[in-house]
Amino acid sequence: MTRDAAFYFANLGADVSRCITAAKQENEVRYKDSLSRAYRTLEELHKTARPEAYEEGLLMLRGLALARATPEALSSFQSSLNSLIGTFSVRLTI
């Protein structure tokens, strides 16, 4: 079965969300595991030939790194992430 960009984008969002939860809990092992999974999902997203989705995925991971550097920004980033996933995933199905 071929998965589409919306599928991988939503999964990437879930991976990044797990990273945020692990960072808030200061669980470095779980954070690294989730981050590795996010990069694997990003690679699958890249294979869908939807460059706009891949670019948004890269920005999502950069945003995670910036938010993690300022722990009080993690909750705000989580809120923005949730909005992005829903909005962008719908655009990818069109």
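If you go through segment 12-52 and keep only what is farther than 18 Å from ALA65 by Cα, out of contact with any Gly (no Cβ under 9 Å at 6 or more places or on another chain) and buried (at least 20 other Cβ atoms within 10 Å of the Cβ), you end up with nothing. Just so you know, in segment 64-94 the residues that are of a type in the set (A, V, I, L, M) and within 15 Å of ALA14 (Cα to Cα) include one that is farthest from the chain's Cα centre (by Cα), and it is LEU74. Residues that are modelled with pLDDT of 95 or more and among the hydrophobic types (A, V, I, L, M, F, W, C) within segment 37-58 comprise ALA38, LEU42, LEU45, LEU58, listed in sequence order. For first residues located in segment 70-93 and touching a residue at least 40 places away in the same chain (Cβ under 8 Å), partners that are crowded, with 17+ Cβ neighbours inside 10 Å and of a type in the set (Lys, Arg) and lie 6+ apart or on another chain with Cβ distances below 9 Å form the pairs LEU74/ARG68; PHE77/ARG68; LEU92/ARG50. Within segment 53-94, the set of residues being β-branched (Val, Ile, Thr) and crowded, with 18+ Cβ neighbours inside 10 Å comprises just one member, ILE85.
The values are calculated or read from the model by the stated rules, or taken from the named source; none is laboratory data. Note that the coordinates shown come from a computational prediction; the quantities given were computed from them, not determined experimentally. Here Cβ is always computed from backbone atoms with ideal geometry, including for glycine, and neighbour counts include all displayed protein chains.
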